[in-house]
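Here's the structure, in structure tokens; my notes come after.
The values are calculated or read from the model by the stated rules, or taken from the named source; none is laboratory data. Nothing here was measured: the structure is a model prediction, and the numbers come from that model. A quick note on method: Cβ atoms are made from the backbone with ideal geometry, for glycine too, and the neighbour counts reach across all protein chains shown. The area values use the complete protein model at the heavy-atom level, side chains included, leaving out ligands, DNA and RNA. Shrake-Rupley method; radii C 1.70, N 1.55, O 1.52, S 1.80 Å.
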Amino acid sequence: MYQFKSRDELQNFIQDEVLNTSQTIEILGCSRQNLTYHVQKGDLVPITEFARDRLFWKEDVLAKKATMKSKA
């Protein structure tokens, strides 16, 4: 479990480790529709979902990118 000593420390962690939908699409080099396909298929699981956005662990997105490259 993570423990943070200050609000700034938590904010830095989130900025470094969490990506929104737009950032994820940019890293994966795919469309929003393709990202939705991967989420529905269970290949990429969001941390949480909002009406128009999702949050993902950066580590998961980079792992997905690696598997997408290996299949190409």
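Computed values, structure above
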read-out: Charge dipole (debye, nearest 20) of the chain; +1 at Cβ of Lys and Arg, -1 at Cβ of Asp and Glu; value: 320 debye
read-out: Label point at residue 41 placed 7 Å out along Cα→Cβ; residues across the range 54-72 whose backbone nitrogen lies under 17 Å; value: 60-72
read-out: Probe 1.4 Å, all protein chains present, accessible-area order of 64, 5, largest first; value: 5, 64
read-out: Positive-end residue, the chain charge dipole about Cα centroid, Cβ charges, pick of 18, 50, 36; value: 36
read-out: Mean shadow area of the chain over all directions, Cα convex hull, nm²; value: 5.6 nm²
read-out: Area accessible to solvent at residue 48, 1.4 Å probe radius, in Å²; value: 50 Å²
read-out: Sulfur and carbon atoms: percent of accessible area, the chain [1.4 Å]; value: 49 percent
read-out: Mean accessible surface per residue for the chain, computed with a 1.4 Å probe while every protein chain stays in place, in Å²; value: 78 Å²
